[in-house]
Amino acid sequence: MTTPTRRTAELPAYLSHELRNSLACIQQFGSILVDGLAGELSGEQREYVGIMLENASKIRGVLDSALDGAEQPLGECPSKIERASRLET
Amino acid sequence: MDSRKILIVDDNADIRLGMHLRLRANQYETFFAGDAFSGVAEARKHRPDLIILDLGLPAGDGFTVMERLKQVPFLAVIPIIVVSAREGLSNQKRAYDAGAKAFLQKPVNDAELLAVIRQALGEPAATKRPTLDNQGSV
């Protein structure tokens, strides 16, 4: 049986997974439009899709910051120092 | 020269379509699977040059797929790029330990994905982004 504590602990991982998949679709299809893979866009259309992509990128930044470390399963979250040293190697 | 074949294993149909459009524009031939079981089956059927593999899949997961591919000599040599929405660090380590060539966390930058694909296939780096001129036909 899932305890409330467990559910709370798993929420960041769940949110991250769902938001990252949706963001991936927005970015994928936005860049497909901007690059003209579905037909050429007018300058104005390209600008608007560009705004969408910029904001999707901002959401990703927020997601990365907000969920940094919090999305790891219980007992698997290394300290910031450990994470930094792993990234440097 | 024949197109290089890429198998996309992801349970999200929108992600599969988006990757297909991007890869087709870069002269890759794509095949698809939406779960772990059919991922292995499609790999056997098409013998792709590279596999893009999600981790969260029905009927197993990406690690199960990698484990099963490893058991078949002609599939074990196919480079695998893991593209996942799962948490990065622990899954990245696990993916590399399982034999993945690269681990990218969604959402993935197209240029980065293409660069990793080209590197895994031993192709030269691209000098420009794809345009309408180099789209393949449906």
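Since every read-out is calculated from the coordinates, none of them should be taken as a lab result. Just so we're clear, the structure is a prediction, and the values are computed from it rather than from any experiment. Using ideal geometry, Cβ is built from the backbone for each residue, glycine included, and neighbour counts are taken over all protein chains shown.
Data overview
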item: Rg in Å to one decimal, and Dmax rounded to a whole Å, for segment B:58-100 via C-alpha atoms; result: 10.5, 30
item: Relative contact order computed over segment B:4-125 (Cα-Cα under 8 Å; 6+ residues apart), in percent; result: 22
item: Exercise: per-residue mean of other protein chain Cβ atoms within 10 Å, B:3-14; result: 1
item: Selection from B:Val9, B:Gln71, B:Leu89, by position along the positive dipole direction of segment B:4-125 (Cβ); result: B:Gln71
item: Debye-sum result for segment A:23-68 in log10 I(q)/I(0), which assumes one identical scatterer on each alpha carbon, at q = 0.20 Å⁻¹; result: -0.62
item: Neighbourhood net charge (9 Å Cβ-Cβ; Lys/Arg +1, Asp/Glu -1) for B:Ala98; result: 0
item: D_trans [Stokes-Einstein, Kirkwood Rh over alpha-carbon pairs] for segment B:4-125, 37 °C, 0.692 mPa s, µm² s⁻¹; result: 235
